[in-house]
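For reference, the structure discussed in these notes is given below.
The values are calculated or read from the model by the stated rules, or taken from the named source; none is laboratory data. None of the values given here were measured: they were computed from a predicted structure. Cβ placement follows ideal geometry from the backbone for every residue including glycine, while neighbour counts extend to all protein chains displayed. With ligands, DNA and RNA removed, areas are computed over all heavy atoms of the protein, side chains included. Shrake-Rupley method; radii C 1.70, N 1.55, O 1.52, S 1.80 Å.
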Amino acid sequence: MKSSHQAYAFGIGAIFLWSTVATAFKLALAHYTPLQLVFVAVTTSIVALGAILVAQKKLPLIKQQFTDRPWFYLQTGLLNPFLYYLVLFKAYDLLPAQQALSLNYTWAILLPLLSVPLLGQKLRKSDITAALVAYCGVFFIATKGNITGVQFESMTGVALALTSTLLWSLYWIVNTKDKGDPVVSLLLSFLVGLPFIIVALLMTQSLPSLDFKALAAGVYVGLFEMGVTFVLWLIALKKAERTASISTLVFITPVMSIGFIAWVLQESIEKSTYVGLGLIILALALQQVLPKVGQWRTKKRIAH
């Protein structure tokens, strides 16, 4: 199989698995509290990533990378998995899966906006346009289309879902300074974050149930939201002839996710969700397309 074909195979596999996790979150949260789910999922992911590194013969890199930058991994471990997934799962606990999914997906819009003050990057017109369109979609979803009445079903859930986008964006901004192996870095973040999760759990709640259905849902989240799928995506990007051709597959994820939510969870999908999600996907597309249009116009002017 050609490298480009392999890239699409791994990429589509990753997208498919990521599309199922919103449904898995809700199934797992029927048995666990958000903090208990974080504990089960992170523990599972650590085992899975550790096994992958054993297979890749990269275990010595764990000690090497941590020794080089312990404070860096303290930052990433606190952001992800501890704070990010705790906030995200609480949002899913309070909101219908369709709403939490759509709101969380706006992290890709927030990331370039935060990169301006935190990384010194320039703010592009396309970023502002995309943000306006995306957050119109957010408002539409949060109010269930009742934009004149402005009555939120769960203002706390909406706030937590949007906070999760902030935490995830900060995590990736911090990660721009990481030059280590990405799988090793993710495992180190989880290893550093796990003690904080355990302490919080022991201080506030009981240990998670070992009921088979509950455990299976939590393990699924750990494998296919945090662990294995991340590695599949990295392989897809490495094998791709053009990264952009694989990255655009991400646009499929929320659409497929809504399908799984309707099919498995039997959630009735609100019209406002379709409209809001459509606006968010449009915003992501504009974020990609508008800069290229600007470059084309600039080249055309120079040519004339």
Cα centroid of segment 194-258 to Cα centroid of segment 171-185, whole Å: 17
Cut-off 18 Å (backbone N to label point 7 Å along Cα→Cβ of residue 166), residues of segment 104-125: 104-119
Convex hull volume per residue for the chain, taking Cα atoms only, in Å³: 162
Under 17 Å from the residue 241 label point (7 Å along Cα→beta-carbon), backbone N, segment 1-41: 1-11
Within the chain, helix-based [θ] at 222 nm, where runs of 4 or more DSSP H residues each add -39,500 (n - 2.57), nearest 500: -25500 deg cm²/dmol
Theoretical FRET efficiency, 1/(1+(r/R0)^6), r = Cβ-Cβ of residue 58 and residue 203, R0 30 Å, to 0.05: 0.30
Relative packing of peptides 50-60, 217-227 - highest average C-beta neighbours within 10 Å first: 217-227, 50-60
Rounded percent of accessible protein surface that carbon and sulfur make up, the chain, 1.4 Å probe: 68
Peptide ranges 250-259, 157-166 listed from the most packed, as the mean C-beta count within 10 angstrom indicates: 157-166, 250-259
Charge sum, other residues only, whose C-beta stays under 10 Å from residue 187's C-beta, Lys/Arg counted +1 and Asp/Glu -1: 0
Separation of the residue 113 and residue 266 label points, Cα + 7 Å toward Cβ, nm: 3.8
Accessible area per residue in Å² at 1.4 Å probe, computed on segment 16-128: 43
Unit charges on C-beta of K, R, D, E only; dipole of the chain, Debye: 1360
Global form of segment 112-217, assessed from the alpha-carbon gyration tensor, a/c cut-off 1.5: oblate
Note, ³J(HN,Hα) from phi for segment 174-181, Karplus 6.51, -1.76, 1.60, rounded to Hz, x at Gly and Pro: 4, 6, 5, 8, 8, 10, x, 5
Relative packing of peptides 274-281, 92-99, 34-41 - highest average C-beta neighbours within 10 Å first: 34-41, 92-99, 274-281
Restraint check, 63/177; 122/239; 179/239; 125/238; 26/90, Cα-Cα greater than 21 Å: 122/239; 125/238
Within a Gaussian network of the chain (alpha carbon springs, distance under 10 Å), most fluctuating of 107, 263, 172: 263
